[in-house]
Amino acid sequence: MTTAAMTESELIDACLASDRLAQKELYDRYSRAMYTAAYRITSDFDLANDVLQEAFVKIFRHLAGFRRESTLGAWIKTIVVRTALSRMRREIRMESLEDHHHQDQIVDWGHHLDADYLEKAIQALPAGYRSVFVMIEVEGYSHKEVADMLDISVGTSKSQLFYAKKKLRKSLEKYR
Amino acid sequence: MSAFEKNRDKLKKALDQLPAYDPPAGLWDQIQSDLTKPNVPNEEVLHEAVEHLPAYAPPVSVWNTLARQLDTDQQVRQLRVVRQRQVLQWAAAVAFLLVAGYAILREPGPKVKLQYAQETVQQFQVDIDWNSDESIFAQLEDQLVQVNDPAINKLRFEYEELSSAHEDVSAMLKSYGRDPQLIRQMADIERERSDIYRQIIEAI
């Protein structure tokens, strides 16, 4: 059987047997999405290369520890995101923001957002805002998960997201 | 009344008398305009844009570096397995030897009957072996002195020297036991003594 035709479970078993073709297949299946996630968080292609490499080494080394309770993609993404955050640890500074009031405020995105402009605006965000915004709005993590990964409170995660959105909106004004 | 307020009735009265304001004239037009736009929640606009964000493919060099790293990992793992196997083999060998040694030491072995007999060692009789002719020669020596022949005298002196050597070796045999070298020496002396004794008898 070719590796391309393998199911996820068969692919995992082959990777556990150190089958290099299977490892390449697994890498090919997830590398694009994971590289994109790494780039979104780091905003640096070179750093994203390092993150992807380091993360996949961890993935293959610890694949035996994957319990198959979640999807393989979710497990891989967690490792990639954690690796990226670890690389960004020095740059990510959570500014002390007031956790209240923003619940009542509204960020108006208008009726249309251009994805390319949004991408540029995301990359222009400070590392702390960017990380929280990407993890929640793009990668789909909850505030609780983000708080755990970044070692911050849920309230801080919420306020960071709010101010990230506000800043994004302001940046997107010039593209209107 | 709230514990944090005083003269609240005054506040209420003042609040009731607060002025009312009319909205600006153009507000309705603005509301009307908003109502004609498609009703898309703000967050959905964002989500839609997020879904269309570009994706990026990693450069080939990432996999190449990763593959090299995995190769190194595999070699290290194989080496570790070989070492573990060697350690296990040695441990098994040592354990086997210990068990075998313990079993051998614990095993009483076949029953062996030890028998012994006591033998009386015969004392080395040097005098008896070699001194039998001494008394005969002592009797002959008196006659030799009377003959006083130079050739016989020479033989007599030689005999006496050999007799002296015989006594020395006898003493050593008594002191050190039956040393093979001493016995050979004694045999040589006795052979020479017998030879000279024979020559003396012939000369007489």
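The values are calculated or read from the model by the stated rules, or taken from the named source; none is laboratory data. These numbers come from a predicted model, not from an experiment. So basically every Cβ, Gly included, is an ideal-geometry build from the backbone, and we count neighbours across all protein chains shown.
Looking at (1) within 26 Å of residue B:53 (Cβ to Cβ); (2) without any contact (Cβ under 8 Å) to a residue 12 or more places away in the chain; (3) charged (D, E, K, R); (4) at the interface with chain B (Cβ under 10 Å from one of its Cβ atoms), find the lone condition where residue A:20 falls short.
Failed condition: (1).
Can you name the helices (runs of 4 or more DSSP H) wholly within segment B:75-184 that have at least 1 residues being modelled with pLDDT of 85 or more and in contact with a helix residue (DSSP H, G or I) (Cβ under 9 Å, 6 or more places away or on another chain)?
Numbers: elements: B:126-130, B:134-147, B:150-176.
Once the helices (runs of 4 or more DSSP H) in segment B:75-184 are filtered for at least 1 residues that are modelled with pLDDT of 85 or more and in contact with a helix residue (DSSP H, G or I) (Cβ under 9 Å, 6 or more places away or on another chain), what remains is B:150-176.
Tell me yes or no: at least one residue of segment B:72-80 is within 14 Å of chain A (Cβ to nearest Cβ), closer than 30 Å to residue A:47 by Cα and basic (Lys, Arg).
Yes: one or more hits.
Can you pull out the residues in segment A:49-76 that are more than 9 Å from every other protein chain (Cβ to nearest Cβ), among the aliphatic types (A, V, I, L, M) and over 11 Å from the mean Cα position of the chain (by Cα)?
Answer for segment A:49-76, where residues must be more than 9 Å from every other protein chain (Cβ to nearest Cβ), among the aliphatic types (A, V, I, L, M) and over 11 Å from the mean Cα position of the chain (by Cα): A:51, A:55, A:59, A:63, A:64, A:72.
Of the numbered conditions (1) more than 11 Å from chain B (Cβ to nearest Cβ); (2) closer than 23 Å to residue A:127 by Cα; (3) surrounded by fewer than 16 Cβ atoms within 10 Å (Cβ to Cβ), residue A:46 fails exactly one; give the number of that condition.
Tallying (1) more than 11 Å from chain B (Cβ to nearest Cβ); (2) closer than 23 Å to residue A:127 by Cα; (3) surrounded by fewer than 16 Cβ atoms within 10 Å (Cβ to Cβ), residue A:46 fails exactly one: (1).
When residue B:104 is evaluated against the numbered criteria (1) within 11 Å of chain A (Cβ to nearest Cβ); (2) over 29 Å from residue A:27 (Cβ atoms), which criterion, by number, is the only one it fails?
Condition not satisfied by residue B:104: (1).
Here are some residues: A:33, A:74, A:55, A:38. Which one is more than 19 Å from residue A:150 (Cα to Cα) and not aromatic (Phe, Trp, Tyr)? Write out each step before concluding.
Details: A:74 fails: more than 19 Å from residue A:150 (Cα to Cα); A:55 fails: more than 19 Å from residue A:150 (Cα to Cα); A:38 fails: more than 19 Å from residue A:150 (Cα to Cα).
Among A:33, A:74, A:55, A:38, only A:33 is more than 19 Å from residue A:150 (Cα to Cα) and not aromatic (Phe, Trp, Tyr).
Does residue A:149 qualify as being under 21 Å from residue A:76 (Cβ atoms) and within 14 Å of chain B (Cβ to nearest Cβ)?
Working: under 21 Å from residue A:76 (Cβ atoms): yes; within 14 Å of chain B (Cβ to nearest Cβ): no.
Taking the combined requirement at face value, the residue does not satisfy it.
Identify the residue in segment A:142-159 that is within 18 Å of residue B:47 (Cα to Cα) and touching a residue at least 12 places away in the same chain (Cβ under 8 Å) and, among all such residues, is farthest from the chain's Cα centre (by Cα).
We begin by selecting, within segment A:142-159, every residue within 18 Å of residue B:47 (Cα to Cα); these are A:142-143, A:158.
Subsequent filtering for residues that are touching a residue at least 12 places away in the same chain (Cβ under 8 Å) retains A:143, A:158.
Values: A:143: 13, A:158: 17 Å.
That would be A:158.
Restricting to segment B:83-118, count the residues that are of a type in the set (A, V, I, L, M) and either in contact (Cβ under 8 Å) with a residue 40 or more places away in the chain or surrounded by 10 or more Cβ atoms within 10 Å (Cβ to Cβ) (or both). Steps first, answer last, please.
Applying the first criterion (of a type in the set (A, V, I, L, M)) to segment B:83-118 yields B:87-88, B:91-95, B:97-100, B:103-105, B:112, B:114, B:117.
Next, from what is left, pick out any that are either in contact (Cβ under 8 Å) with a residue 40 or more places away in the chain or surrounded by 10 or more Cβ atoms within 10 Å (Cβ to Cβ) (or both): B:87-88, B:91-95, B:97-100.
Total meeting the criteria: 11.
Conditions tested, residue by residue: (1) in a helix (DSSP H, G or I); (2) at pLDDT below 90.
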| site | (1), (2) |
| --- | --- |
| A:75 | yes, no |
| A:99 | no, yes |
| A:119 | yes, yes |
| A:130 | yes, no |
| A:140 | no, no |
| A:149 | yes, no |
| A:170 | yes, yes |
